[in-house]
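Structure first, commentary second.
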């Protein structure tokens, strides 16, 4: 006799309603009383049909229970015991050539700040920036070759992101590269847009004008109010940068209205005050959105997170996420972008074979024109996928995609959060575990906790104000801002 | 679906797939469906429980079941002609591993005396694993 057991899914509750999040399909389903009862029964242990009927006797007709079990089996929320589990997802590689959607251009490896936690300069750096083979500054020629490369490899639209070091140290290159990219894209009939990440210390009126004119998506790296910003984001002499950046950011936000301006906060073990940071950046400085990311560091670094640090941040995230929910239900904007990004993926039902687009839809370009997985690996010979002059090394790219497919990450096979996480950031894995192929097992609990919170919020918004979720319909393929 | 309701976009697609698989796929007159070109021809699509599957040429079967040898209309007209031929057609051209001996390794000669299936099928060796 066949026995029914729980399938590959995560049950959660929101606003008094029960839901299921299915892996690997990433479908969210609302569960009625009968299917809830069946799920409870199989969760307590394998059930035969007779067991189930006995447990539910009197409450539901036999035919109804059969029908319900049939539905649950079809969506794989329950499964027949002792049947081999289907492979997590077939290891199908995308057809090549894969259109390049985002290119991150590291225009310089130099920076006027010396944030202790920086992955480019700190103790965990991958690329030897001080005396390495890569030039300190990208030349205008290399920038032009990179743009030609992007337009050659892209589909009908392309995103070009300028990154550093401190991007604006090489503003000279931006000034010539942007008009060149626009002209070349127009000649080819392609769309192109621009973004950049900066620490804001060097912003001038002329630059602000330039960014507004070319509709740049701007992300400012900033850690919060003065005391928190000045803890790590300091100049080479140790002086804090807050007083320098605050007025410049205000000027930028006042002038550049054509695209929303976001803040990107690095959380360290000493700067965990999520709500205070959020309130300051939104209300005092006027950002449209604030996104948080825990610092990438090997354990033991002074700024690295402890276990309690992760828990603390998760609690603060949950608290702020509830504000997001309240705002969404009331139809108001809320700037906590971590929630927005996760909700967009949940709404769409994203189920990832790779954690991000690095290595195919997104590539990083080093100052010398080497193409790598992403900006965090740009200039590293071990993670090189070609050059802007010779193009992408397709064999290396295929090998990378094959090696990093979720199907290879055996640790992730039974995790319900794998459709969204897919093992997590390659750079984080490289720093923490020494290899990009390793899943980031140190933050599994965090990812599951956060995904569960976002699922609950999604369920609550779906009940109370479904119209709000239309914002995510046909969710944009807008490139996330690199961090 | 009656007991589960889709909430996100992916779930709506899933529900659609489940509902389609539950709906009776065979109309009164199968010829109409073929003419309409809206559905692949599926072997033995007899009962409402059969989900629309992949495209399979008329006359083949996707199940291992003695006595299946009828076509999708319940008759024999759509099967391989002549009927004896389908042993070799299915063996070489289709996926039918369970019923025939392993000709590559275990029993390379099992059809040696059977030059023409129609005439010689009785001479096919009986193979014991």
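The values are calculated or read from the model by the stated rules, or taken from the named source; none is laboratory data. Quantities reported herein were computed from a predicted structural model and do not represent experimental measurements. Neighbour counts are summed over all protein chains in view; Cβ atoms, including those assigned to glycine, are modelled from backbone coordinates with ideal geometry.
Read through the list (1) within 14 Å of chain B (Cβ to nearest Cβ); (2) within 28 Å of residue B:20 (Cβ to Cβ); (3) in contact with a strand residue (DSSP E or B) (Cβ under 8 Å, 6 or more places away or on another chain); (4) not in a loop (DSSP other than H, G, I, E, B), then give the number of the only condition that residue A:13 fails.
Condition (2) is where residue A:13 drops out.
Per-residue answers, yes or no, for (1) buried (at least 22 other Cβ atoms within 10 Å of the Cβ); (2) under 23 Å from the mean Cα position of the chain (by Cα):
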{"position": "A:233", "(1), (2)": "yes, yes"}
{"position": "A:247", "(1), (2)": "no, no"}
{"position": "A:252", "(1), (2)": "yes, no"}
{"position": "A:255", "(1), (2)": "no, no"}
{"position": "A:260", "(1), (2)": "no, yes"}
{"position": "A:289", "(1), (2)": "no, yes"}
{"position": "A:312", "(1), (2)": "no, yes"}
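Quick one: residue A:105 ticks every box in (1) in contact with a helix residue (DSSP H, G or I) (Cβ under 9 Å, 6 or more places away or on another chain); (2) farther than 30 Å from residue A:388 by Cα; (3) modelled with pLDDT of 90 or more bar one, so which box is it?
Going through the list (1) in contact with a helix residue (DSSP H, G or I) (Cβ under 9 Å, 6 or more places away or on another chain); (2) farther than 30 Å from residue A:388 by Cα; (3) modelled with pLDDT of 90 or more, residue A:105 breaks only (2).
Which residues, counting only those in the range A:360-374, are in a strand (DSSP E or B) and buried (at least 24 other Cβ atoms within 10 Å of the Cβ)? Can you show your working first?
Narrowing the range A:360-374 to residues in a strand (DSSP E or B): A:362-365, A:370-372.
The answer is A:363, A:364, A:365, A:370, A:371, A:372.
Could you list all residues from the range A:383-408 that are surrounded by 15 or more Cβ atoms within 10 Å (Cβ to Cβ), touching a helix residue (DSSP H, G or I) at 6+ places or on another chain (Cβ under 8 Å) and not in a helix (DSSP H, G or I)?
A:384, A:385, A:386, A:388, A:392
Which condition number in (1) out of contact with any helix residue (DSSP H, G or I) (no Cβ under 9 Å at 6 or more places or on another chain); (2) surrounded by fewer than 20 Cβ atoms within 10 Å (Cβ to Cβ); (3) modelled with pLDDT of 90 or more is the one that residue A:37 fails?
Against the list (1) out of contact with any helix residue (DSSP H, G or I) (no Cβ under 9 Å at 6 or more places or on another chain); (2) surrounded by fewer than 20 Cβ atoms within 10 Å (Cβ to Cβ); (3) modelled with pLDDT of 90 or more, residue A:37 comes up short only on (1).
Go through (1) at pLDDT below 90; (2) in contact with a helix residue (DSSP H, G or I) (Cβ under 6 Å, 6 or more places away or on another chain) for residue A:74 and report which single condition fails.
So residue A:74 meets the others, but not (1).
Criterion first (closer than 30 Å to residue A:359 by Cα, touching a residue at least 40 places away in the same chain (Cβ under 8 Å), away from chain B (no Cβ under 14 Å) and not in a strand (DSSP E or B)) does residue A:90 satisfy it? First the steps, then the outcome.
Details: closer than 30 Å to residue A:359 by Cα: yes; touching a residue at least 40 places away in the same chain (Cβ under 8 Å): yes; away from chain B (no Cβ under 14 Å): yes; not in a strand (DSSP E or B): yes.
Yes: the conditions hold for residue A:90.
Looking at the range B:93-115, which of its residues are at pLDDT 60 or above and either loosely packed, with under 14 Cβ neighbours inside 10 Å or touching a strand residue (DSSP E or B) at 6+ places or on another chain (Cβ under 9 Å) (or both)? Explain how you work it out, then say what you get.
Here is the first cut: in the range B:93-115, the ones at pLDDT 60 or above are B:99-115.
Across the range B:93-115, the qualifying residues are B:99, B:102, B:104, B:105, B:106, B:108, B:109, B:112, B:113, B:115.
Taking the conditions exactly as written (in contact with a strand residue (DSSP E or B) (Cβ under 7 Å, 6 or more places away or on another chain), within 19 Å of residue A:27 (Cα to Cα) and at pLDDT 90 or above), does residue A:386 satisfy them or not?
Working: in contact with a strand residue (DSSP E or B) (Cβ under 7 Å, 6 or more places away or on another chain): yes; within 19 Å of residue A:27 (Cα to Cα): no; at pLDDT 90 or above: yes.
So residue A:386 does not fit the description; no.
Among residues belonging to the range A:31-80 that are outside any helix (DSSP H, G or I), under 21 Å from residue B:17 (Cβ atoms) and touching a residue at least 40 places away in the same chain (Cβ under 8 Å), point out the one that is nearest to the other protein chains (Cβ to nearest Cβ). Lay out the reasoning, then the answer.
Let us first name the residues in the range A:31-80 that are outside any helix (DSSP H, G or I), namely A:31-32, A:44-48, A:56-61, A:75-80.
Filter once more, so that each one left must be under 21 Å from residue B:17 (Cβ atoms): A:31-32, A:75-80.
Keeping just the survivors that are touching a residue at least 40 places away in the same chain (Cβ under 8 Å) gives A:75-80.
Working: A:75: 6, A:76: 10, A:77: 8, A:78: 11, A:79: 15, A:80: 17 Å.
That would be A:75.
Can you pull out the residues in the range A:409-431 that are more than 16 Å from residue A:377 (Cβ to Cβ) and in a helix (DSSP H, G or I)?
Across the range A:409-431, the qualifying residues are A:410, A:411, A:412, A:418, A:419, A:420, A:421.
Quick check on residue A:218: is it surrounded by 20 or more Cβ atoms within 10 Å (Cβ to Cβ), touching a residue at least 24 places away in the same chain (Cβ under 8 Å) and within 28 Å of residue A:149 (Cβ to Cβ)?
Yes.
Farther than 30 Å from residue A:149 by Cα and without any contact (Cβ under 8 Å) to a residue 12 or more places away in the chain: which single residue out of A:238, A:224 fits that description? Steps first, answer last, please.
Numbers: A:224 fails: without any contact (Cβ under 8 Å) to a residue 12 or more places away in the chain.
Just one listed residue meets the conditions, A:238.
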